[in-house]
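Below you'll find the structure, written out as structure tokens, and then a few comments.
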Amino acid sequence: MNPTRRAVQKEVWIGRILVVGSAAILILIWHLWASNNSPLISPTPGAVLDRLIEYVGEGRANQHIRITLQEIALGFLVGGVIGIGFGTLAAEFGIARRVIMPYVIITQALPKFALAPILVIWFGFGQEPKIIIAALIAFFPLLENTYLGLTSTPAEMLELFRAMRASRWTTLVKGRVPHAVPAIFSGLRVALMLALVGAVVAEYVGANKGLGAQIIVAQGTLDTELMYVAFVLLTILGLALDKLHGLVYRLVMRRLYGSGAAAATSDQPRVSV
């Protein structure tokens, strides 16, 4: 085995051991702290695990997970299309950048969560306000990373395309976009997690279904165990989405650059927003 490859694998295993060990320490601290306090303040890890198994086993969590996942997926999709589209326009056309960027700054200056009550008034208590909030939060990292990725194409590559008299479209599709893939996927990773946060927090305002709504219900009834169960489910959902993103990223890199590049980029892309 290549010494560099062996060193990378060793580092990966050390990282995994440290993650598991630190998680065990945190759970132990949680158990000790919860054991010396009222269950209303914090249930023990064992109590939360028992409630989680019961909640999921009886199928009571299925509808709430499905609702929240739909909001995340649709918000991410809408925000992703807008973010990548506007980022591409801003990178390709100077006039588009001058028109788009002021509005982007304005949308980012507005507190999106404060818009939730207004969106509820406009669209009702359905999924639409949650999807809009998720999309508004998710689109900016994708716009920024798409713009940075497309504008960081090496000058030598652009000179080659110009020498070959390639059209703007050909240069974009065959030159700029492949070079920008890691940056775009970095934005996708951030956008995916922000869509989750946006959907859940939007459920706090006006929803009776979804994991965020369950947290508010649990808070109102002082059911701390249920609140912790919702937190655990959201954590699992976030980890699963992140793993799915990593799988898609590796498949795309393998398709573009071959198995060697896919192996070299087996870790998640760096975040650059």
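The values are calculated or read from the model by the stated rules, or taken from the named source; none is laboratory data. Bear in mind that the values here come from a model prediction, so they are computed numbers and not experimental data. Please note: Cβ atoms are built from the backbone with ideal geometry, for glycine as well, and neighbour counts cover all protein chains shown.
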Practice item. Could you pull out every one of the helices (runs of 4 or more DSSP H) wholly within segment 22-119 that has 1 or more residues that are outside the structural domain of residue 189 (by TED's automatic domain parsing) and more than 25 Å from residue 189 (Cα to Cα)? Key: none
Check your understanding: Could you say whether any residue in segment 7-27 is of a type in the set (Ser, Thr, Tyr) and farther than 30 Å from residue 174 by Cα?
Key -> yes
Practice item. Kindly indicate whether any position in segment 121-128 is touching an Asp or Glu at 6+ places or on another chain (Cβ under 9 Å), assigned to a helix (DSSP H, G or I), within 21 Å of residue 201 (Cα to Cα) and polar (S, T, N, Q). Key: no
Practice item. For segment 1-21, name all the residues that are part of a helix (DSSP H, G or I) and among the hydrophobic types (A, V, I, L, M, F, W, C). Key: 7, 8, 12, 13, 14, 17, 18, 19, 20
Review point. Within segment 224-235, is there a residue that is in a helix (DSSP H, G or I), of a type in the set (Phe, Trp, Tyr) and modelled with pLDDT under 90?
Key: no
Check your understanding: Given (1) within 27 Å of residue 224 (Cβ to Cβ); (2) modelled with pLDDT of 85 or more; (3) over 25 Å from the mean Cα position of the chain (by Cα), where does residue 22 come up short, assuming only one miss?
Key -> (3)
